[in-house]
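Enquirer: Here it is: the structure, laid out below.
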Amino acid sequence: MTAKIINGTEISKKIREELKQEVARLKEEHDIIPGLVTILVGDDPASQSYVSSKVRTCQELGIYSERHDLPAETGEKELLALVERLNKDPKIHGILVQLPLPEHINESSVLMAIDPGKDVDCFHPVNIGKLMIGEPDFLPCTPHGIQELLLRSGIETEGADVVVVGRSNIVGKPVANMLLQKKAGANATVTVCHTRTRNLASHTSRADILIVAAGGKPRAITADMVKEGAVVIDVGTHRIGKTAEGKAILCGDVDFDSVKEKAKAITPVPGGVGPMTIVMLMSNTVKAARMASGLA
Ligand SMILES: NC(=O)c1ccc[n+]([C@@H]2O[C@H](COP(=O)([O-])OP(=O)(O)OC[C@H]3O[C@@H](n4cnc5c(N)ncnc54)[C@H](OP(=O)(O)O)[C@@H]3O)[C@@H](O)[C@H]2O)c1
């Protein structure tokens, strides 16, 4: 069997188009322009490039964007004061603090200072709690992107054995939680694996849907660890070299070439989960704007 490739680039383009239309409608019918602010502390090139692509995507969709790039020595108090000001700014519906923050700043204090109604990354405990009880305002971006890939590729999750490799707060735990909810696009039986799991392959090889967000070793999930006909979602992103033009060469946690011969469907890296994360951030920003105006 050669797997169907789940094309995150194509699916994310479709969602971008839908969001663009929704943003135009909000403006026309309600005079609302969704607004996203990005806060970057320090000059890490990878973080700078993530922020730039978020700002570009806002511009492309008609979302107002504001960018605060602060020096690495910015103090926690100063950062908290900025968050506080943006919490009160009516033009801003979503606040994104680019992680990681420098070591002298307590990440958790900053994330918890964001108004939960503007927490478009969905990291605040209030939003994680709402997600857990099945009444979310926002869904975290990468897990939401994974769920959309499954839904839009017609993959049945109801009753499926889903195995998630990884238990991070931003991917593994929330995606596991979302897929076990009693709702459409979920209703799965979910197992979560991590570094203390005994015999990882015994779990992965019985998964109908295998979601890998481990980030340990590149291509660690090999064909012998995957069930014939499984759906494989690879979240892992590894930079394994550079092209002659200096562009990063990426691969995932899954050994794509061998696993695609056994799986029913698979996401590539790049071009799978990656492009979905940013559009789900935009989707949360639009939702936040609707919520702030009593429309959602
Ligand atoms: N495409 C995207 O948009 C996107 C977004 C976010 C993340 N990512 C990528 O996804 C990967 C995971 O990210 P993350 O933030 O969730 O990472 P993380 O915080 O480092 O968590 C990794 C998780 O995987 C588990 N793990 C690591 N190696 C393992 C192994 N050999 N066997 C079983 N479990 C293992 C760890 O277990 P313990 O808890 O026991 O340590 C941990 O729970 C990274 O490659 C990251 O770059 C991509």
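Taken together, the values in this text are just the output of simple stated rules run on the coordinates, not laboratory data. This structure is a prediction, so every number in the text was calculated from the model and none was measured. No Cβ is skipped: glycine too gets one built from the backbone with ideal geometry, and neighbour counts run over all protein chains shown.
Enquirer: Of the GluC sites (Glu not before Pro) in the range 59-88, which ones lie in a loop per DSSP and count no more than 11 other C-beta atoms within 10 Å?
Expert: E73
Enquirer: A further question follows. Where does each of 139-147, 177-185, 274-282, 253-261 land if you order them by average Cβ count within 10 Å, highest first?
Expert: Numbers: 139-147: 25.7, 177-185: 16.7, 274-282: 23.4, 253-261: 20.2.
Those peptides, ordered most packed to least, come out 139-147, 274-282, 253-261, 177-185.
Enquirer: Based on other C-beta atoms within 10 Å, arrange R16, R239 from fewest to most.
Expert: Details: R16 18, R239 11.
Lowest to highest Cβ neighbour count: R239, R16.
Enquirer: What residue among R85, R67, R196 shows peak mean-square fluctuation when the chain is described by a Gaussian network model with Cα springs under 10 Å?
Expert: Checking each option, the largest mean-square fluctuation is seen for R196.
Enquirer: Among V232, V23, which comes first, then next, by fewest other beta-carbon atoms within 10 Å?
Expert: Ascending Cβ contact count within 10 Å gives the list V23, V232.
Enquirer: Provide the FRET efficiency to the nearest 0.05 for the E245-K20 pair, computing r from the beta carbons and using R0 = 22 Å.
Expert: 0.10
Enquirer: What is the order of T38, T197, fewest Cβ neighbours within 10 Å to most?
Expert: T197, T38
Enquirer: Right, something else. List the residues whose amide H sits under 5 Å from the amide H of K262, counting only those 5 or more places along or on another chain, with H placed 1.01 Å from N in the peptide plane.
Expert: Here A3 satisfy the definition.
Enquirer: Now for a different question. Out of P116, P71, P34, any idea which swings most in a Gaussian network model of the chain, alpha carbons joined below 10 Å?
Expert: It is P71.
Enquirer: A follow-up question, please. Most mobile of A214, A81, A160 per a Gaussian network model of the chain (Cα springs, under 10 Å)?
Expert: Comparing A214, A81, A160 in a Gaussian network model of the chain, the most mobile one is A81.
Enquirer: Before rounding to the nearest 500, sum -39500 (n - 2.57) across all DSSP H runs of length at least 4 in the chain and divide by the residue total; then give [θ] at 222 nm in deg cm²/dmol.
Expert: Calculated at 222 nm, the ellipticity per residue is -12000 deg cm²/dmol.
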